[in-house]
Amino acid sequence: MQRNIDMSRVARSWSLSLAVSTALLLISPAANALKWAEPSHNLQPDRRLPKWQPAPLEVEPEEALNVVGADVMDEMTLGWVKLMRRAYPLLSVTMEARASGTGGPALTAGIAHVATVGRELLPAEEEAFVARYGYAPTAFRVATGSVGSLGKTAASIVMVDRDNPIKCLSLPQLDAIYSSQSKRGLPPIRTWGDLGLSGGWAQQPIRLYGLKHPNGIEWYFRQVVMNGGPYRDDIEFVKGRGHVHAFNVAAEKMAEKSGGLTYALLANIQKNTRPVALSMQTGGPCVMPTTRTVYDHSYPLSRYVYVFVNVAPGKKLEPKVREFVRAVLSFEGQKQVADDRVYLPLTPEVAAAELARLNAL
């Protein structure tokens, strides 16, 4: 019996290595991304979050709960794993944290019970899962992304020349700037004069920069701002150089030619650039990214990070997986997020919404 168990573990290890290696090949452009970030806040979880009372679990000998995914979520993920280990000492709760791009493939391969992913799944990742199971994986929001760190999933910003007088941009305006279809309904915007600027800026073309697909930041911007629409064909998609982030390359190019605009992160701001306040709708409240506005998601491009699980429509989620997600969404689980001091805990309202979805499975 012991030999069978050992051989099973060896087989799983080889399968995991293959899945991870394949995923790392797919995400090679992010290989030089920072994996650590300076603490940026002291925000604690809201006391209204529910306390976690572990439910009874029947645990078989050698039974495992495997958590696979993002290295940039490793500290809070380890905290969640420890919560489960303390509550269920007979359950073998394992953790593999290499990259966000390993979570989806491990879930698809049946290696992971829970995939931690510091972004939305990319199309190829979700398509591979659907091709195998016939339905999409189920996502739960488990934390809010950082305010501006290069090392951890961060709120997106819009960056312009420091001397550009534009005060605020709306998501419909950004859609009309970046997209060839303008799904949000505004006519195309091609010059700064189209946005109301006068004088020397009126005829100045908007020089656009972005990241090449596939990339989590690019995919998020395209889905949230452009409703999944296509890009204009005259955008300059930049790449990083060694350890120089791609958006820093965009800032360098903006210094050479006036009128530039790009989506980026706060950490990418250079001496020649500045962030612009954003609004959900044209004429709506203009909001800058701060700890508070990212935490409550009043800043339009605040982000979440996720765990993904496999549950077929009409079926029940495995009890041990359900309990893991319930722990994550509790006060105790969100304390692990807050202790990271880069990611932000969920608001009680978001946690309650995710718990309601969990209870329905």
| field | Matching residues, region 339-349, being surrounded by fewer than 19 Cβ atoms within 10 Å (Cβ to Cβ) and either of a type outside the set (S, T, N, Q) or not in a loop (DSSP other than H, G, I, E, B) (or both) | value | Asp339, Arg341, Pro348, Glu349
| query | Of all strands (runs of 3 or more DSSP E) completely enclosed by region 251-314, which ones contain at least 3 residues that are more than 16 Å from the chain's Cα centre (by Cα)? | reply | 260-264, 273-275, 277-279
| note | Here the residues within region 213-238 that are farther than 20 Å from Gln173 by Cβ and within 20 Å of the chain's Cα centre (by Cα) are His213, Pro214, Asn215, Gly216, Trp219
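For every residue, the table says whether it meets (1) in contact with a strand residue (DSSP E or B) (Cβ under 8 Å, 6 or more places away or on another chain); (2) under 26 Å from Pro89 (Cβ atoms); (3) not assigned by TED's automatic domain parsing to the domain that holds Phe221.
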residue	(1), (2), (3)
Thr273	yes, no, no
Val276	yes, no, no
Gln281	yes, no, no
Phe308	yes, no, yes
Lys335	no, yes, yes
Ala338	yes, yes, yes
Ala351	no, no, yes
Leu355	no, yes, yes
| said: Here are the criteria: (1) modelled with pLDDT of 95 or more; (2) outside any loop (DSSP other than H, G, I, E, B). Tell me which single one Phe247 does not satisfy. | reply: (1)
| said: Restricting to region 55-82, and then to whatever is over 25 Å from Thr144 (Cβ atoms) and not acidic (Asp, Glu), can you tell me which residue is surrounded by the most Cβ atoms within 10 Å (Cβ to Cβ)? | reply: Asn66
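The values are calculated or read from the model by the stated rules, or taken from the named source; none is laboratory data. Please read these numbers as outputs of a predicted model, since none were measured by experiment. For neighbour counting, all protein chains shown are included, and Cβ atoms are generated from backbone atoms with ideal geometry for every residue, glycine included.
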